[in-house]
Amino acid sequence: MAGSGSRVRRYVLLLVLLGGFGLVLFRLVTLQVLQAEELSVRADRQHQKTVSLEGPRGTIVDRHGKVLAMNMEVPSVFGIPATLENPAKTARQLSSVLPVKIPELEKKLQQNRSFVWLARKLDPEQGRRLDRLSLDGIGVVMEGRRFYPKGSLLSHVLGFAGMDGDGLEGVEHRYEAYLRGEKRMMILQRDAMGRTVFPKSLAERSPVPGHQLTLTIDEVVQYIAERELEDAVSRSRAKSGTIIVLDPETGAVLAMAVSPRFDPNALSALKKQDRLQNTAITDAYEPGSTMKAMIAAAAIEEGAMKPTTMVFGEHGRMSIANTVIHDHEKLGWVSFAQVIQKSSNIGAAKAGMVLGEQRLYRYLQAFGFGQRTEIDLPGEGVGLVKGPKAWGRRSVASISIGQEIGVTPIQMVSAIAALANGGVLMKPYVVSEIRDAEGHLLKRAPPQVRRRVVSPDTARSVTNILEGVVTHGTGVKAAIPGFRVAGKTGTAQQIDPKTHRYSNSRFVTSFVGYVPADRPRLAMIVIIDAPQDKKASGGSVAAPVFSSVGEQVLSYLGVSSDEPVTLAMAVPNS
Amino acid sequence: MKIFTILLGLCLVFVFVWERVDMVRVGYQIERLKRDKTVLERQRDELRVQFSSLSASNRIAKLATEKLGMSLPQHGQLILVQSRPSVTPPTDLASTPMRVARNYLPSRRD
């Protein structure tokens, strides 16, 4: 009897255990099989956090690796108005750190919203001060901000990036595809406390930063050019100015200065009249007498003139197509070299007429006028060069003295660089290398030849003539002690907007040249627009700037002087 | 044999649990190191921007002229630099090592 009772208890116990296991098994099957999909989704929602991350924008450096633009994570401050007990007090505390006035902060914090931005992309120091306040209902998130540590230096070339990190002007815009960091969605696991435990998959990589651009620009050369340009613009009370310095052998831009400048770190402080455009490549101007250097090259190349060919200067006055061309000096018979050195309009017009319409137009095109140089910057202008069919009876003469034609500064300096390097037109460029964030080279921009314009012999002849411009012609103030300089002055009348005729008081003064003349290291253009002096000329306003910039840059580059240096002997102290 | 099997099973369970716990611990460690790395990267970027800003040519020129009273050298200034004066005066002065630094940084105004 006792045995059967014990057996019953064992069966009951077994039944209970089996029942229990059965229930657990049933629940297990329900959770793991029947509701698996739904529960898995719900768990993922609770455990996982999907974040969109963007790699930082790439850095821009000069040819020596000096940082010109880079991204940095900076604090942005937000408020959660619903959690604030005393918005007025919080606003007062915040105002000691944030660049926002108390009433504005109060207004934002009293809004019936769950989230409100208070200030974005602050300086890191402001973020640290805010941390020390540790205010309830106020939070900080880090956002990428673009910094231009050299301030307004090179502003027109670099351009700038907007609030959302898009490149809007200059190199920032042109190389947007390389500079922008890669965007990536990442799934993170988080625990019950909301802390991130682990990425869902170890294979997930962090977002890739943008590439680094190395410019051909030299920060020191750029600084020298900008300082001298601003001094000249201020001294002559001019409207604006431009300097471009090229390596004539490669077309690499060493400096591109436009005055007035702007500070890309403080775009909100820009005034209406501030121009963000890089006028060195966008705007066309009438080159005036600087065009005579190219006319001389064309005439010599075609055998139409030799440097020794005698030209009659008509005593400073010549009629063409019911108009009169004047010279500032009454010349009789002079050599063609003297025509250029004394900047005779009549002599240059005669050279143009000997060349004729078709050949003149062909050389304008060969030197790159009326076409983009294809420099790697956005918004380049083409200038204004009409075809011979649209020319009038005076056009050949006018174009030969730099009228009836519009060229951009980059076109003109590229053309003079072609004479400097022996007759080859190079493509100007500002970005020399692109590297990824780890420093691996992705792309290198080699110098690109566009075409041969004139023979080396012609280039040498023109160089000799242009040296004369500086030694005893209109450009003596461009001379650099110890160096042979070749160049040409230009003083172009501007069109008076009221009379629509050439003004006698508004000029574009310029000097374009290269140095050392026999082994050029620099080709440079200096343009001073509308100096407030009726007697201003390329020789008096722009040429001294060429000399000053050239002298300093040659010294900085370690280019030795052409002159022998006399050594003083020092006896060491015993 | 049975006991050995049970012990082996327990060991396997222990290793499995320990591995899971350790993975979570390492996960937290990785996240902490990532945060540290981010902070250090921010500091590095900040210092890089500061360095670039402090070494700007216009700032150095301003400090040199306004604070230190320096000025740009005049035309034709020659500075003779001898790298190391010899203890005994050389008999042949022409062979004395001598470098010539020619500095062209004029503030010439035409």
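The values are calculated or read from the model by the stated rules, or taken from the named source; none is laboratory data. None of the values given here were measured: they were computed from a predicted structure. Ideal geometry is used to build each Cβ from the backbone, glycine not excepted, and the neighbour counts take in all protein chains shown.
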* State whether one or more residues within segment A:399-413 are outside any helix (DSSP H, G or I), farther than 30 Å from A:Leu68 by Cα and among the β-branched types (Val, Ile, Thr). => yes
* **In segment A:518-545, the residues that are in contact with a strand residue (DSSP E or B) (Cβ under 6 Å, 6 or more places away or on another chain) and more than 14 Å from chain B (Cβ to nearest Cβ)** => A:Pro520, A:Ala523, A:Met524, A:Ile525, A:Ile527, A:Asp529, A:Ala530, A:Lys534
* To do: Determine whether segment A:492-508 contains at least one residue that is more than 21 Å from A:Ala284 (Cβ to Cβ) and within 24 Å of the chain's Cα centre (by Cα).
  => no
* Asked: Looking at A:Val140, is it more than 30 Å from A:Gly439 (Cα to Cα) and touching a residue at least 40 places away in the same chain (Cβ under 8 Å)?
  -> yes
* Would you please name the residue that is farthest from A:Ala255 (Cα to Cα), looking only at residues in segment A:369-384 that are of a type in the set (Val, Ile, Thr) and crowded, with 20+ Cβ neighbours inside 10 Å? => A:Thr373
* Given (1) in a helix (DSSP H, G or I); (2) of a type in the set (Val, Ile, Thr); (3) in contact with a Pro (Cβ under 9 Å, 6 or more places away or on another chain), index of the condition A:Val16 fails -> (3)
* **Single residue of B:Asp36, B:Asp45, B:Asp110 found to be in a loop (DSSP other than H, G, I, E, B), acidic (Asp, Glu) and either modelled with pLDDT of 65 or more or closer than 30 Å to A:Ser236 by Cα (or both)** => B:Asp110
* **Among residues of segment A:286-313, those that are acidic (Asp, Glu) and touching a strand residue (DSSP E or B) at 6+ places or on another chain (Cβ under 6 Å), counted** => 1
* Does segment A:457-469 hold any residues that are touching a residue at least 60 places away in the same chain (Cβ under 8 Å) and closer than 13 Å to A:Val512 by Cα, and which are they? -> A:Leu466, A:Val469
* Asked: Can you tell me which residue in segment A:131-177 is nearest to the other protein chains (Cβ to nearest Cβ), limited to those that are over 19 Å from the mean Cα position of the chain (by Cα) and outside any strand (DSSP E or B)?
  -> A:Asp131
* Just a yes or no: is a residue in segment A:424-438 closer than 26 Å to A:Gln341 by Cβ and modelled with pLDDT of 95 or more? -> yes
* Structure fact -> The condition from (1) under 30 Å from A:Leu154 (Cβ atoms); (2) out of contact with any helix residue (DSSP H, G or I) (no Cβ under 8 Å at 6 or more places or on another chain) that A:Asp376 misses is numbered (2)
* Structure fact -> The residue that is nearest to A:Val385 (Cα to Cα), considering only those in segment A:349-372 that are of a type outside the set (A, V, I, L, M, F, W, C) and in contact with a strand residue (DSSP E or B) (Cβ under 8 Å, 6 or more places away or on another chain), is A:Gly370
* Structure fact -> If we keep only residues of segment A:424-449 that are among the hydrophobic types (A, V, I, L, M, F, W, C) and in a loop (DSSP other than H, G, I, E, B), then the residue farthest from the chain's Cα centre (by Cα) is A:Ala437
* Structure fact -> Among the residues of segment A:430-454, the number that are under 18 Å from A:Met294 (Cβ atoms), touching a residue at least 40 places away in the same chain (Cβ under 8 Å) and touching a Gly at 6+ places or on another chain (Cβ under 6 Å) is 2
* Answer from A:Ser540, A:Ser510, A:Ser461 - the residue that is over 16 Å from A:Ala420 (Cα atoms), crowded, with 16+ Cβ neighbours inside 10 Å, at pLDDT 95 or above and touching a helix residue (DSSP H, G or I) at 6+ places or on another chain (Cβ under 8 Å) -> A:Ser510
* To do: Can you work out which of the residues in segment A:106-130 that are within 13 Å of chain B (Cβ to nearest Cβ) and free of Cβ contacts under 8 Å to residues at least 12 places away in the same chain is nearest to A:Thr242 (Cα to Cα)?
  => A:Glu125
* Selection from segment A:97-117 of residues that are touching a Leu at 6+ places or on another chain (Cβ under 9 Å) and over 22 Å from A:Glu143 (Cβ atoms) -> A:Ile102, A:Gln110
* Look at segment A:474-500 and say how many of its residues are small (Gly, Ala, Ser), touching an Asp or Glu at 6+ places or on another chain (Cβ under 9 Å) and assigned to a loop (DSSP other than H, G, I, E, B). => 1
* A:Leu441 assigned by TED's automatic domain parsing to the domain that holds A:Gly513, buried (at least 24 other Cβ atoms within 10 Å of the Cβ) and at pLDDT 95 or above -> no
* **Test result for A:Glu38, acidic (Asp, Glu) and without any contact (Cβ under 8 Å) to a residue 40 or more places away in the chain** => yes
* Hey, could you check segment A:479-507 for residues that are at pLDDT 85 or above and of a type in the set (Ser, Thr, Tyr) and say which is surrounded by the most Cβ atoms within 10 Å (Cβ to Cβ)? => A:Thr489
